[in-house]
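Written out below as structure tokens is the structure these notes cover.
The values are calculated or read from the model by the stated rules, or taken from the named source; none is laboratory data. Because the structure is predicted, anything quoted here is derived from the model rather than measured. Note: ideal-geometry Cβ built from the backbone for every residue, glycine included; neighbour counts use all protein chains shown. For accessibility, only protein heavy atoms count, side chains too; no ligands or nucleic acids. Shrake-Rupley method; radii C 1.70, N 1.55, O 1.52, S 1.80 Å.
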Amino acid sequence: MLGWFKKKLSGRKEEAAVEKTAAQVDVQIDAQVDGTEELDPSTSSSPVTAEKKPDKVTPAVPAAVPAAEPAPTAEAAEQGDADGQGKDQEKEQEKPQRPSMFKRLQERLGKSRNHFVHRLDNLLLGRKKIDQELFDELEEILITADLGVNTAMALLDAAKSSVKREQLSDPQALKKVLRDKVLSFLRESDQPAELVLPESGPFVIMVVGVNGVGKTTSIGKIAAKFVGSGQSVLLVAGDTFRAAAIDQLKIWGDRTGVEVVAGPPKSDPSSVVFDGVAKGVAKDYDVVIIDTAGRLHTSVNLMEELKKIRRVVGKNLSTAPHEVMLVVDATTGQNAISQARMFNEAVGITGLTLTKLDGTAKGGIVANICHELKIPVRFIGIGEQVEDLRDFDPEEFVDALFSVEEGS
Ligand SMILES: Nc1nc2c(ncn2[C@@H]2O[C@H](COP(=O)(O)OP(=O)(O)OP(=O)(O)O)[C@@H](O)[C@H]2O)c(=O)[nH]1
């Protein structure tokens, strides 16, 4: 999990003592949300408190392990080293989980698949040859799939030149050409966040976006991921505008066992953020995640306030923020592009989280964002559960989007 975030301390700490796997955190939080399980203080209370903080740990999970993969416990890792069985056990555990995580992604992208790939299949299946008429219809499908005109045209051009170069005559072959090109767009912007990891001090993530896109929810889920991989996390309630937003973040703090720095409602967000980063540095947290109030990208005053918050983040840690993450709601389609442009101009976006891909047929927006903006997508949201915030894996995404579901 958190493939983009490589533990900055690897090498600085030899101890591998992940006490709780990401999967365990997810299950526990889900159970609490469902009301089926009380919080078990022995497992849920934060490994991170200001007063009593455990030694930093190097997760036993390598950075490239995908979100679905359960992190081995320190015990299992030790066992594996001793008799080589730990890895086998791990593989056994993974077997049923991997396909089901993929299947969930596939299902959650159902609306986008119906809108784009099923239409594509219908077009290609009904044709015997590749001609201009086919390209005209393909163009319409691409444009209406929320890929945006530029990206749709780039795809169409790629399809045309492949047909020419490889002398393709079977319309079916076009599907693979398009799949490969979409994947290349997604990879264009893909770059790991470890490139910006600080030499010392916490990795500071400032989360921004318009109202209601899912910032606070995503922060809670990201915190759960970090906790699951053995990182100490501090949340900062920089959204002082709504009292409910502070409460919402505190609830996530309780659920994930993570401390939250908050001020009174309507207090100056910059001052809360200043205190939060100061605490993160003083107490040597691994990760500090800052929530900010939702704001319209077109509101000059609010964007100025965001610039100020960004400057304040750097007062206690000159290299911070290491990630300015824009959360965008995929259901807004092309509007996500203009949001990203304006937030980028104001505060310099370094990563994206795209939420609510489960509720939209506009999944093509992911390719459009990667192609147009060249900003890496870190996470995608495909539902309300903790495990529904997925590390973005271009290949997995394209496979799920272009796949044909069994029985369909
Ligand atoms: N279906 C679905 N719902 C989501 C997803 N991500 C977030 N949500 C929901 O979106 C709603 C808004 O989420 P919040 O986290 O409150 O959004 P916010 O950006 O913090 O909102 P403001 O504080 O008003 O700016 C909540 O009901 C979330 O559960 C997702 O990936 N899929």
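In segment 173-189, what residues are in contact with a Phe, Trp or Tyr (Cβ under 8 Å, 6 or more places away or on another chain) and open to solvent by 40 Å² or more (accessible area, probe 1.4 Å)?
Correct list: ARG179 only.
Could you list, in sequence order, all residues of segment 266-309 that are away from the ligand (no atom under 16 Å from the Cβ), farther than 14 Å from GLY238 by Cα, under 25 Å from the mean Cα position of the chain (by Cα) and surrounded by fewer than 16 Cβ atoms within 10 Å (Cβ to Cβ)?
The one that is away from the ligand (no atom under 16 Å from the Cβ), farther than 14 Å from GLY238 by Cα, under 25 Å from the mean Cα position of the chain (by Cα) and surrounded by fewer than 16 Cβ atoms within 10 Å (Cβ to Cβ): ASP284.
Hey, does segment 174-190 have a residue that's touching a Leu at 6+ places or on another chain (Cβ under 9 Å), within 26 Å of HIS297 (Cα to Cα) and in contact (Cβ under 8 Å) with a residue 24 or more places away in the chain?
yes
Which one is nearest to the ligand (Cβ to nearest atom), of the residues in segment 356-393 that are over 13 Å from the mean Cα position of the chain (by Cα) and of a type in the set (Val, Ile, Thr)?
Among them, the one singled out is THR360.
Within segment 302-320, can you find the residues that are of a type in the set (A, V, I, L, M, F, W, C) and in a helix (DSSP H, G or I)?
LEU302, MET303, LEU306, ILE309, VAL312, VAL313
Among (1) assigned by TED's automatic domain parsing to the domain that holds LYS221; (2) within 18 Å of VAL207 (Cβ to Cβ); (3) out of contact with any Pro (no Cβ under 8 Å at 6 or more places or on another chain), which single condition is SER267 missing?
(2)
Restricting to segment 192-232, name every residue that is under 24 Å from THR298 (Cβ atoms), among the β-branched types (Val, Ile, Thr) and open to solvent by 10 Å² or more (accessible area, probe 1.4 Å).
Scanning segment 192-232 gives VAL210, THR216, THR217.
Does segment 298-317 contain any residue that is among the polar types (S, T, N, Q) and within 26 Å of SER112 (Cβ to Cβ)?
No; the residues of segment 298-317 include none that is among the polar types (S, T, N, Q) and within 26 Å of SER112 (Cβ to Cβ).
Only residues that are among the β-branched types (Val, Ile, Thr) and either touching a helix residue (DSSP H, G or I) at 6+ places or on another chain (Cβ under 9 Å) or within 16 Å of the ligand (Cβ to nearest atom) (or both): list them for segment 189-198, please.
none
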